[in-house]
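This report concerns only the one structure given below.
Values quoted throughout were computed directly from the atomic coordinates according to the rules given, and no laboratory measurement underlies them. Bear in mind that the values here come from a model prediction, so they are computed numbers and not experimental data. Glycine gets a Cβ as well: all are built from the backbone with ideal geometry, and neighbour counts include every protein chain shown.
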Amino acid sequence: MMANDIKTTLTDHMTGIELFSISLDESTELSDTAQLAIFIRGVDKEFTVTEWLSKGKILKRFYELRNEIADFMQINNKPKSEVSDPKWICDLAFLVDLTGYLNDLNLKLQKQGQLVNDLYSHLKAFQNKIRLWEAQTLSGNTYRFTTLSAYEDIAYALKKYH
């Protein structure tokens, strides 16, 4: 199931790649759960470099599979109440969106040929966005957070914040 998704994703990302390198990093977190990060760098016929880091998408994929993960944990007699807690899921959805914005900022900062003032402008713009998002979110407007906005129990979860 999940292995097929990983295989399909890797296959899609590797289409047209002539040469590639793969770096795997496995570490164990405090709860003794193994975490795997996959980094792939590929070069096509035109010498265009493609990079793919799975870690940036792991949180979103976890969110998308949260029901299946809850079922799996239940079947294995290791239920996790967080996976069905609307407030926790709301926090997770918010984190998915925020991580996406941070990944976008990271890509902007990595572009070659930028001057220091370009990097500073990206950072200042992001700071201003954060202030705006905070004001909007506090007033109940989650429009900029698409995963959070799409969460079916958002009204219930937001009540728990106040």
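In segment 64-110, Rg over Rh equals 1.18, where Rg is the alpha-carbon radius of gyration and Rh the Kirkwood radius from pairwise Cα distances. Shown here: segment 94-147, whose C-alpha atoms stretch 39, 18, 12 Å along the first, second and third principal axes, sorted largest to smallest. What the Cβ-Cβ distance of GLN114 and SER139 gives, at R0 = 41 Å and to the nearest 0.05, is a FRET efficiency of 0.75.
Ordered by packing density, taken as the mean number of other Cβ atoms within 10 Å over each peptide's residues, highest first, how do 82-95, 108-121 rank?
Top of the packing list down: 82-95, 108-121.
Using a simple spin-label model with pseudo-atoms 7 Å out from Cα toward Cβ, LYS45 and GLU18 lie 0.9 nm apart.
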